[in-house]
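A quick write-up on the structure given underneath.
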Amino acid sequence: MMSQENIATPTQDDSPATILVVDDTRANLRLLVEILSKQGYHVRPAMNGDRALAAAQADPPDLILLDIMMPDPDGYEVCARLKADEQTRQIPIIFLSALNEVFDKVKAFSVGGVDYITKPFQVEEILARVETHLALRQLQKRLEAKNQQLEQEISERRRANEALQQTLQELKATQTQLIESEKMAALGGLVAGVAHEINNPVGFSITAASVLEGETKTLLKIYEADNLTRSDLADYLDTAQESSQLILRNLQQAAELIKNFKQVAVDQTSLDKRTFNLKSYLEDTVYNLKPKLKKTTHTLSVNGDETITMTSYPGAIAQIATNLVMNSITHAYPNEEAGNLRFDVSQNQGKVTIHYSDNGIGIHAKHLAQIFDPFFTTARHRGGSGLGLHIVYNLVTQKLQGHIRCESTPSEGTHFILDLPIQLNAKE
Ligand SMILES: Nc1ncnc2c1ncn2[C@@H]1O[C@H](COP(=O)(O)OP(=O)(O)OP(=O)(O)O)[C@@H](O)[C@H]1O
Ligand SMILES: [Mg+2]
């Protein structure tokens, strides 16, 4: 960097460095201008402190050579003022002082000078010091530029990060919206299904009731005309009995549908959360099913870890277990075989797994994907509503915050696997 061929350390844009030379001794000034110009620097002379300040502020040079002993303001003063100004603060200042002058080096550095040269000058020394400080200044400038670039990159990254965060939030909002609209669609489907299901029994009831009404009117006319025979009355009573039975049966079916439908909307208040032993709770639930099992030859057992203590909704678990067992009784053994129904419980890392299985006729692969859908049933003719497993699904996923799946091999049996958290969040 300081080689002889290197003429004048250039500034960043490759133009020669600008040096402001300040000296009130004309001969010194001329000499310095000559030496430095020869070296290729762009040199600007100033005869006193005030001119130096004006020149530096109008167009900041790359370096200043500054005489100390000048009439007011002297070199220290000029230096101090340049250092106080944001625009000129960074310009390196080399002080010039005559050997015979009283020269305070400490002051020179404390007001902000980077170096000093004593007169009479040695050309080599001046050039070496000038070049060194210009090079230093160049490096400093490059560092500053790098720093600025880094800062810019950081703020760009921060902005990118913020944009990402925003996108993420928007995505989350969209996802919530999607889930909501999916729920609404499911609810719409459910309502349409309920309307459809209830339409039949209510329709039959209306038909039966209007038949009864028509027959009654006819009978009344005959009676008023005093033409009523014994057989007219017997016919009417037959019709009345048949119609009222039909009405009753269909209204009962509609009422049952409505009761089931109410359960679909997993009632949030009727179930209490508490801490309980899972295996003994299941045993109690199964015990309550004894009357239903009495009419069959099935065996029902609860097996597995006796130490599992859950904090959850036992009522929901009872409802689920009851539905699963009732399904085995209703669907799995059409030929009244003696079935083997069992629960198996285990725990692992904050999760409980409940296996429930029967060894009945199983579920056909093409039905397996639909069993949790509302109104899917293969037993409509026998009064099945197809809401049982849908209720189970809602209880497991919503109330108990778990998962349920079903595996089945036709003619071998059906197997449900439930994964549930042992401990439900406090806010649930
Ligand atoms: N253990 C099982 N073995 C064989 N098939 C089953 C079993 N459990 C359920 N299924 C099949 O899944 C269908 C849906 O069951 P789900 O409990 O939802 O309705 P359902 O029992 O028909 O009617 P509901 O429970 O509303 O009275 C049943 O109709 C039956 O085809
Ligand atoms: Mg059922």
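The values are calculated or read from the model by the stated rules, or taken from the named source; none is laboratory data. Here the structure is a predicted model, which means the values were calculated and not measured. No Cβ is skipped: glycine too gets one built from the backbone with ideal geometry, and neighbour counts run over all protein chains shown.
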Among the residues of region 59-81, is any of a type in the set (A, V, I, L, M), out of contact with any Pro (no Cβ under 8 Å at 6 or more places or on another chain), within 18 Å of residue 18 (Cα to Cα) and surrounded by fewer than 22 Cβ atoms within 10 Å (Cβ to Cβ)? no
Given (1) assigned to a loop (DSSP other than H, G, I, E, B); (2) surrounded by fewer than 17 Cβ atoms within 10 Å (Cβ to Cβ), residue 34 misses just (1)
Sole miss for residue 399 among (1) modelled with pLDDT under 95; (2) in contact with a Phe, Trp or Tyr (Cβ under 6 Å, 6 or more places away or on another chain); (3) within 16 Å of ligand 2 (Cβ to nearest atom) is condition (3)
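Could you check how many residues of region 222-237 are among the small types (Gly, Ala, Ser) and farther than 18 Å from residue 212 by Cβ?
2
Are any residues in region 43-92 part of a helix (DSSP H, G or I) and of a type in the set (Asp, Glu), and if so, which ones?
As a first pass, look at region 43-92 and keep what is part of a helix (DSSP H, G or I): 49-58, 75-84.
50, 77, listed by residue number.
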Worksheet item: Out of all the residues in region 363-386, is one or more in the same structural domain as residue 347 (by TED's automatic domain parsing), under 27 Å from residue 308 (Cα atoms) and surrounded by fewer than 16 Cβ atoms within 10 Å (Cβ to Cβ)?
Response: no
Taking first residues from region 68-97 that are touching a residue at least 60 places away in the same chain (Cβ under 8 Å) and second residues anywhere that are of a type in the set (S, T, N, Q) and assigned to a helix (DSSP H, G or I), the pairs with Cβ under 9 Å that are 6 or more apart or on different chains are 96/28
Going through (1) more than 27 Å from residue 195 (Cβ to Cβ); (2) in a helix (DSSP H, G or I); (3) among the charged types (D, E, K, R); (4) free of Cβ contacts under 8 Å to residues at least 60 places away in the same chain one by one, residue 366 fails only at (1)
Given (1) at pLDDT below 95; (2) closer than 30 Å to residue 411 by Cα, residue 259 misses just (2)
When residue 412 is run through (1) surrounded by fewer than 16 Cβ atoms within 10 Å (Cβ to Cβ); (2) of a type outside the set (S, T, N, Q); (3) away from ligand 1 (no atom under 13 Å from the Cβ); (4) over 30 Å from residue 250 (Cα atoms), the failure sits at (3)
For region 375-395, the count of residues that are within 8 Å of ligand 1 (Cβ to nearest atom) and in a loop (DSSP other than H, G, I, E, B) equals 9
### Query
Within region 328-345, is there a residue that is more than 13 Å from residue 300 (Cβ to Cβ) and within 7 Å of ligand 1 (Cβ to nearest atom)?
yes
For region 130-149, pairs from a residue that is at pLDDT 90 or above and surrounded by 11 or more Cβ atoms within 10 Å (Cβ to Cβ) to a residue that is of a type in the set (Ser, Thr, Tyr) and in a helix (DSSP H, G or I), with Cβ under 7 Å and 6 or more apart or across chains, are none
Picking from 259, 292, the residue that is outside the structural domain of residue 380 (by TED's automatic domain parsing) and out of contact with any Pro (no Cβ under 9 Å at 6 or more places or on another chain) would be 259
Requiring at least 1 residues that are within 16 Å of ligand 1 (Cβ to nearest atom) and closer than 30 Å to residue 349 by Cα, the helices (runs of 4 or more DSSP H) wholly within region 215-327 are 278-288, 314-327
* Has region 405-415 got any residue that is under 21 Å from residue 197 (Cβ atoms), of a type outside the set (Gly, Ala, Ser) and within 16 Å of ligand 2 (Cβ to nearest atom)? -> no
Using the structure shown, decide if residue 170 is assigned by TED's automatic domain parsing to the domain that holds residue 259 and either out of contact with any strand residue (DSSP E or B) (no Cβ under 8 Å at 6 or more places or on another chain) or not β-branched (Val, Ile, Thr) (or both).
-> no
Residues in region 70-81 that are touching a strand residue (DSSP E or B) at 6+ places or on another chain (Cβ under 7 Å) and either farther than 17 Å from residue 130 by Cβ or at pLDDT below 95 (or both) total 2
